[in-house]
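S.K.: Sharing a structure here in structure tokens format.
The values are calculated or read from the model by the stated rules, or taken from the named source; none is laboratory data. Note that the structure is a prediction, hence the values are computed from the model and not measured. Cβ placement follows ideal geometry from the backbone for every residue including glycine, while neighbour counts extend to all protein chains displayed. Just the protein is used for accessible areas: all its heavy atoms, side chains included, with ligands, DNA and RNA removed. Shrake-Rupley method; radii C 1.70, N 1.55, O 1.52, S 1.80 Å.
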Amino acid sequence: MTTVAISDFMTTRIEAISPSSFVQKAAKKMTDRDVCSIVVIDDKDSKVLGLILERDIVRNVCISNNVSINSEIS
């Protein structure tokens, strides 16, 4: 069995977005950067607040209609 380090297949391209950004902006950024997740970082102290995934957008906007594409991420 071959052992592979996580660093051999992880991505180092980390995309970030403000919690006051709109869901649509996050979706567009994911598409433009060809990533499936974006780190949400606080504007004031650059603290990581969370992660938004394509799956979050699909489930909450497209399927459940819980939020609008024009809603803020926070």
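S.K.: Output yes when any residue across segment 1-17 is within 25 Å of Asn60 (Cα to Cα) and among the polar types (S, T, N, Q), and no when none is.
M.R.: Within segment 1-17 (the criterion being within 25 Å of Asn60 (Cα to Cα) and among the polar types (S, T, N, Q)), the answer is no, since none of the residues qualifies.
S.K.: Follow-up question, since we're still on this one. Does Ile52 satisfy the criteria of being part of a loop (DSSP other than H, G, I, E, B) and either surrounded by 13 or more Cβ atoms within 10 Å (Cβ to Cβ) or in contact (Cβ under 8 Å) with a residue 12 or more places away in the chain (or both)?
M.R.: no
S.K.: Are any of the residues in segment 57-69 at pLDDT 85 or above and either assigned to a strand (DSSP E or B) or open to solvent by 80 Å² or more (accessible area, probe 1.4 Å) (or both)?
M.R.: Taking every residue of segment 57-69 in turn, at least one turns out to be at pLDDT 85 or above and either assigned to a strand (DSSP E or B) or open to solvent by 80 Å² or more (accessible area, probe 1.4 Å) (or both).
S.K.: Could you list, in sequence order, all residues of segment 12-30 that are in a helix (DSSP H, G or I) and of a type in the set (A, V, I, L, M, F, W, C)?
M.R.: Selection gives Val23, Ala26, Ala27, Met30.
Conditions (1) touching a helix residue (DSSP H, G or I) at 6+ places or on another chain (Cβ under 6 Å); (2) under 15 Å from Ser74 (Cβ atoms), marked per residue:
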position: Glu15; (1), (2): yes, no
position: Ser18; (1), (2): no, yes
position: Ala27; (1), (2): yes, no
position: Thr31; (1), (2): no, no
position: Asp34; (1), (2): no, no
position: Ile41; (1), (2): no, yes
position: Leu51; (1), (2): no, yes
position: Val58; (1), (2): no, no
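S.K.: Kindly provide the set of residues from segment 1-22 that are of a type in the set (Ser, Thr, Tyr) and either farther than 21 Å from Lys47 by Cα or open to solvent by 40 Å² or more (accessible area, probe 1.4 Å) (or both), ordered by number.
M.R.: Thr2, Thr3, Ser7, Thr11, Thr12, Ser20 - these are the residues of segment 1-22 that are of a type in the set (Ser, Thr, Tyr) and either farther than 21 Å from Lys47 by Cα or open to solvent by 40 Å² or more (accessible area, probe 1.4 Å) (or both).
S.K.: Tally time: how many residues in segment 23-49 are buried (at least 16 other Cβ atoms within 10 Å of the Cβ) and touching a residue at least 40 places away in the same chain (Cβ under 8 Å)?
M.R.: 3
S.K.: May I pose another question? Restricting attention to segment 31-45, report how many residues are within 11 Å of the chain's Cα centre (by Cα) and either in a loop (DSSP other than H, G, I, E, B) or of a type in the set (Phe, Trp, Tyr) (or both).
M.R.: 2
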